[in-house]
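The values are calculated or read from the model by the stated rules, or taken from the named source; none is laboratory data. All figures in this text were calculated on a predicted structure; none of them were measured in a lab. Heads up, the Cβs are rebuilt from the backbone with ideal geometry, glycines too, and the neighbour counts pull from every protein chain shown.
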Amino acid sequence: MVKRSKWKNASENKAFRIGDDMKIGTQIKKITRVDTQNYQVWLEYIDGFKGKIDLSFIFENPKKQPLVLEILRGTLFGRCFIESGALAWPNGYELCPDAIRQWMLEQTKHKKAA
């Protein structure tokens, strides 16, 4: 009988769970709404998870992020789209779907605590 390592099994799955809150490797399925004034995007993932991400922490304080500055100067925020399961913009800027999902969960927890 051959034993498989837990790492090989994890890599065979498209997504695997870390803790109770998050799965790694999930992709965004679609954008359901965009609020360009408040830098918020409502997303749906392929596993059915839905939520709103407030990206103002990136777009209201772009500092030395040339791609973010380009999105702001060109009013491109509302032209976001899904590319290979990630949130993307026409200038090539992309955000990892796993990171976005984690931010969504954190923002929801902070909102409930307030």
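Being at pLDDT below 95, part of a loop (DSSP other than H, G, I, E, B), out of contact with any Ser or Thr (no Cβ under 9 Å at 6 or more places or on another chain) and over 15 Å from Met104 (Cα atoms) is the requirement here; does Lys64 meet it? Spell out how you get there, then give the answer.
Working: at pLDDT below 95: yes; part of a loop (DSSP other than H, G, I, E, B): yes; out of contact with any Ser or Thr (no Cβ under 9 Å at 6 or more places or on another chain): yes; over 15 Å from Met104 (Cα atoms): yes.
For Lys64, the condition - at pLDDT below 95, part of a loop (DSSP other than H, G, I, E, B), out of contact with any Ser or Thr (no Cβ under 9 Å at 6 or more places or on another chain) and over 15 Å from Met104 (Cα atoms) - is met.
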Condition set in a loop (DSSP other than H, G, I, E, B) and surrounded by 14 or more Cβ atoms within 10 Å (Cβ to Cβ), scope the stretch 48-59, selection farthest from the chain's Cα centre (by Cα): answer is Phe49
(message) Quick check on Ile18: is it in contact with an Asp or Glu (Cβ under 7 Å, 6 or more places away or on another chain) and modelled with pLDDT under 95?
(response) no
Reported set for the stretch 60-94 where residues are free of Cβ contacts under 8 Å to residues at least 12 places away in the same chain and surrounded by 12 or more Cβ atoms within 10 Å (Cβ to Cβ) is Pro62, Gln65, Leu69, Arg79, Glu83, Ala88, Glu94
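Filter the stretch 71-91 down to the residues that are part of a helix (DSSP H, G or I) and in contact with a Phe, Trp or Tyr (Cβ under 8 Å, 6 or more places away or on another chain) and list them by number.
Ile71, Leu72, Phe77, Arg79
Would you confirm whether any residue within the stretch 92-114 is out of contact with any Cys (no Cβ under 6 Å at 6 or more places or on another chain) and part of a strand (DSSP E or B)?
If we filter the stretch 92-114 for residues that are out of contact with any Cys (no Cβ under 6 Å at 6 or more places or on another chain), which is where we start, we get 92-114.
Okay, now just the ones that are also part of a strand (DSSP E or B), so 94-95.
Yes, the stretch 92-114 contains at least one residue that is out of contact with any Cys (no Cβ under 6 Å at 6 or more places or on another chain) and part of a strand (DSSP E or B).
For Ala88, indicate whether it is farther than 20 Å from Gly25 by Cα and among the small types (Gly, Ala, Ser). Before the answer, list the steps.
Numbers: farther than 20 Å from Gly25 by Cα: no; among the small types (Gly, Ala, Ser): yes.
Here the answer is no, as Ala88 does not meet what is asked.
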